[in-house]
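Single-structure report; data block below.
The values are calculated or read from the model by the stated rules, or taken from the named source; none is laboratory data. From a predicted model like this one, the values you see are computed outputs, not experimental measurements. So basically every Cβ, Gly included, is an ideal-geometry build from the backbone, and we count neighbours across all protein chains shown. Side chains included, ligands, DNA and RNA excluded: accessible areas come from the protein's heavy atoms. Shrake-Rupley method; radii C 1.70, N 1.55, O 1.52, S 1.80 Å.
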Amino acid sequence: MTVRWDIFCTVVDNFGDIGVTWRLARQLVAEHRCAVRLWVDDLRAFERLCPEIDVGLCEQWQQGVQVRHWPTQWCDTDAADVVIAAFACQLPSAYMDAMAEREVTPLWMNLDYLSAEDWVIGCHGLPSVKYKHVQKYFFFPGFQEGTGGLLREAGLLEHRWLFQQDDVAQRNFLHGLGVVREPGARLISLFAYENAGLASWFEAMATDARASHVLVPEGRVLGDVARWLGVDGLESGALHRRGALTVQVLPFIRQDDYDRLLWCCDFNAVRGEDSFVRAQWAGRPLLWHIYQQEEDVHLEKLEAFLALYTQGLSASAEKAISGLWRAWNAGQDMAEHWKATGEARRELAEHAQAWCLEQASRADLATALVKFYRNWI
Ligand code: TRH
């Protein structure tokens with residue numbers, strides 16, 4: 001019998017909430033034959049990742065997923081077998097009543113934020129609050145055994161590997177974005193929040209002996225890029241050269257194409273949660289701009305990840321990449337760290353592959369969720 005899932009997503013800000021839930025919904029349909037309704041309160045954010053979304057519809061089908069606009073005025077709806085509240089979003093009270101009234105009680109889970117901190121292992125799968133007799137459970141993604149793992153579609157690494165072996169496919173893809181890769185230049189993607197460290201990083205690349213070509217999808221960091229270039233504004237298609245650095249602005253592309261962009265690049269600067277994970281699956285060195293939280297809680301998360309990620313690196317490579325990440329997240333001078341990262345580039349490139357394979361040896365998050373449900377019933 002087909003298991004019915006309801007996934008609830010409120011778009012708090014940016015694209016991570018919808019990015020993660022859309023990915024999960026598709027995978028549950030494609031690989032686990034689940035019937036999935038994805039409830040989203042902001043279809044405009046969704047449309048950026050998936051241009052087929054019709055923002056005017058309250059109900060539509062996309063890639064086998066029933067996408068429902070989550071209205072402010074909730075209308076009575078029957079509850080599914082499995083209910084996922086993404087990132088602690090509050091479900092409509094009438095829906096919670098529908099869960100409680102169901103003949104067979106549904107499994108209710110909170111899909112939490114990703115963190116490499118150790119406490120996650122102790123909390124993953126534990127019961128949380130109850131509504132009437134319906135128990136909610138914590139489900140934590142993570143990088144270690146004992147967590148819910150990471151979202152990874154079946155065949156993802158094989159697809160990536162084939163694409164990375166295929167120069168023509170890469171060239172055609174980049175060409176579609178108006179990008180012509182210069183021979184010998186380092187290709188870098190840049191997706192970040194506003195960052196005071198950007199000027200020093202770009203300066204370092206502009207004055208480097210080796211050429212760099214930085215691709216920046218439209219977004220929050222463009223203001224800093226424009227300031228460094230000394231231009232009024234930047235739009236998709238803009239291309240500027242300063243010394244050894246070429247800066248090119250790209251449109252915000254569909255989610256699957258963003259993967260291909262990461263696969264093409266030698267180095268990826270990413271942010272938040274979903275792009276951070278996708279850069280790890282790209283198997284290339286990366287720079288993470290973590291989502292800032294109150295009281296600098298995010299810095300503990302950053303250190304927890306670094307402690308895991310840098311295991312096995314030589315002292316110099318560890319110092320280089322950790323220094324780069326810390327400087328970026330503090331908006332500090334990047335020059336020295338970038339230089340050191342360049343010197344360790346071979347080791348960091350091998351390490352990125354090894355880390356990717358190690359992470360891929362664990363069950364992916366969608367499979368872990370399905371297993372959790374099977375064990376629960
Ligand atoms: O957009 P984000 O900053 O989202 C954040 C984080 O998830 C953060 O943890 C959360 O608390 C906050 O939202 C509310 O970064 P993230 O998570 O990388 O999500 C970006 C999504 O956008 C991801 O699915 C990749 C996708 N994307 C595209 O589809 N096309 C693009 O061109 C780019 C640059 C990104």
Working out 0.36 nm times the residue gap between E47 and V297, then minus their Cα-Cα distance, what length gain in nm do you get to one decimal? 86.9 nm
Over the chain, what is the percentage of antiparallel beta bridges among all DSSP beta bridges, to the nearest 5? 20 percent
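Around W228, what is the net charge, scoring Lys/Arg as +1 and Asp/Glu as -1 over all other residues with Cβ under 12 Å from its Cβ?
Net of charged neighbours comes to 0.
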Mind pulling up the Rg/Rh value for the stretch 177-217? Radius of gyration and Kirkwood radius, both on Cα. 0.98
Across the chain, how many lysine pairs, 8 or more apart or on two chains, come within less than 29 Å at their alpha-carbon atoms? 9
Would you mind checking which residues have amide H under 5 Å from W108's amide H? H placed 1.01 Å from N; only 5 or more apart, or other chain. V83, Y137
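Quick check: from the Cα gyration tensor, does the stretch 162-259 come out rounded (a/c under 1.5), prolate or oblate?
Values: a/c = 1.98, a/b = 1.35, b/c = 1.47.
Judged from the Cα gyration tensor, the stretch 162-259 comes out oblate (a/c at least 1.5, b/c at or above a/b).
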May I ask you to compute the full-extension gain from T72 to Y137, defined as 0.36 nm times their residue separation minus their alpha-carbon distance, rounded to one decimal in nm? 20.9 nm
For the stretch 1-83, just say rounded, prolate or oblate: build the C-alpha gyration tensor, square-root its eigenvalues into a ≥ b ≥ c, call rounded for a/c under 1.5, and beyond that prolate if a/b exceeds b/c, oblate if not. oblate
May I ask for the net charge around Q63, where only other residues with Cβ less than 9 Å from the Cβ of Q63 are counted and Lys, Arg are +1 while Asp, Glu are -1? 0
Percent of accessible area on the stretch 175-315 owned by carbon and sulfur, 1.4 Å probe? 49 percent
Can you tell me how much longer the chain between A30 and D256 gets when fully stretched, taken as 0.36 nm per residue apart minus their C-alpha distance, in nm with one decimal? 79.8 nm
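Indicate, rounded to the nearest 5 percent, the antiparallel portion of the DSSP beta bridges found entirely in the stretch 14-85.
50 percent
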Once you sort the root eigenvalues of the Cα gyration tensor of the chain as a ≥ b ≥ c, which label holds: rounded (a/c under 1.5), prolate (a/b larger than b/c) or oblate (the other case)? prolate
Check each of the GluC sites (Glu not before Pro) in the stretch 207-295 and keep only those in coil by DSSP with at most 10 other C-beta atoms within 10 angstrom; list them in order. E235
How large is the dipole of the chain about the Cα centre if only Lys and Arg carry +1 and Asp and Glu carry -1, each at its Cβ, rounded to the nearest 20 debye? 640 debye
